[in-house]
């Protein structure tokens, strides 16, 4: 799958989503 | 010794299942689950087999004579056993889920050398939708449904005593099954009744993502998730799919998920072996291997990296297979029949 199918990929997704999600 | 025989596809990776021993459990009732656990006692330390019938759970040790001897048996007179809950990396402790149609109790089973008796303390009660043993002596479960759902991680000691309970933010849909993420100890995945994949941070309890998969198979089960290069690869099965030909009815599917964007795509389907009809009934994924009991009575094994069926175990003269489980050592497959017969195969 190309990046356009799944959107931009981030290796640090876990940290990034954890900093954005409500506690 | 059995293997997939397909003269057309010589280039395929073929596995081999070699039967090493058998044991007969549950003489009076149906085998409902089985598994393996490392067990340490005063006079031995060994990889033991655990078998579960509705009214009892037994621990079996391989004796020098080549036979399997019963070490301990736990009896349940009030609530029947539904499943064994594997606890990764845990020794001398078994976890079982009990209930009627749904899980109503989770209990730990162990042997106390202090008074020489087997114990079965209650760990959790309620309307439990799903339970999974996690690495580092943790157990995650979900109770209730929709807005009333509670998702909780219980940490426990080596002796099974509960140490800490942490709540995870509940999703708005009922959880059907949990799956750990290979390579990410602090991430947890679940699949919900509406085919949404949910991602949690186990340390903080945050709900990080909810991704609708948009499947046409209700009640799919997620078995395993692998993390690689910013993507999640989720192995799913569809136990409630309608029976049809193997081309449109795979045993397992692998879905790729970008958690950053919440976009997903189907990556790979693991089809039934050539000449085998029916559908997936139940099974287990361990490491890169997936095993499934099919409605045809066969057990089939797939290599998830190659996306191919590598071995096929036809029903034997005694009857069809009803359960397939990997041992904790990855190299053995346990094949079970309803009458309580357990066959142990080495898989190479």
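A compact globular protein would have a Cα radius of gyration near 2.2 N^0.38 Å; the ratio found for the range B:97-251 is 1.14. For the peptides B:138-151, B:252-265, residues were scored by their other Cβ atoms within 10 Å and the scores averaged per peptide; the highest-first order is B:252-265, B:138-151.
A full extension of the chain between residue B:91 and residue B:346 corresponds to an added length of 89.6 nm, given 0.36 nm per residue minus the alpha carbon distance. For chain B, the alpha-carbon coordinates run over 55, 51, 34 Å along the three principal axes, in decreasing order.
Go ahead and collect, in residue order, the members of the range A:8-23 whose backbone nitrogen is under 12 Å from a label point 7 Å along the Cα-Cβ direction of residue B:204. Taking a point 7 Å out along Cα→Cβ of residue B:204, the residues of the range A:8-23 whose backbone N falls under 12 Å are A:14-23. Note on residue B:40 and residue B:83: their simple-model spin labels are 2.9 nm apart, each label 7 Å out from Cα toward Cβ.
If the viscosity is 0.692 mPa s and the temperature 37 °C, what Stokes-Einstein diffusion coefficient in µm²/s follows for the range B:123-202 when Rh is the Kirkwood radius over Cα pairs?
Numbers: Rh = 12.8 Å.
Once the numbers are plugged in, D ends up at 257 µm²/s.
Partner chain Cβ atoms within 10 Å, averaged over the residues of B:181-189 - can you pull that number for me? Per residue, the number of nearby Cβ atoms from other chains is 1 on average.
Calculate the all-directions average of the projected area of the range B:26-96's alpha-carbon convex hull, and give it in nm². Mind showing how you got there, number by number?
Working: hull surface 20.0 nm².
Taking the Cα atoms of the range B:26-96, their convex hull projects to 5.0 nm² on average.
All Cα-Cα distances of the protein assembly as shown, cut into 10 Å bins from zero to the largest, leave 5, 23, 33, 26, 11, 2, 0 percent in each bin in turn. Counting Cβ atoms of other protein chains within 10 Å of each Cβ in B:201-211 and taking the mean gives 3. Across all C-alpha atoms in the range B:254-348, the radius of gyration and Dmax reach 14.7, 51 Å. Calculation over all alpha carbon pairs of the range B:63-165 in 10 angstrom steps from 0 returns a P(r) of 14, 44, 31, 9, 2, 0 percent. Averaged over the residues of B:253-261, the number of partner chain Cβ atoms lying within 10 Å of the residue Cβ comes to 4.
Computed from the coordinates by the stated procedures, all read-outs in this text should not be read as laboratory data. Bear in mind the structure is a predicted one, so any value in this text is a computation, not a measurement. Neighbour counts run over all protein chains shown; Cβ positions are idealised from the backbone, glycine included.
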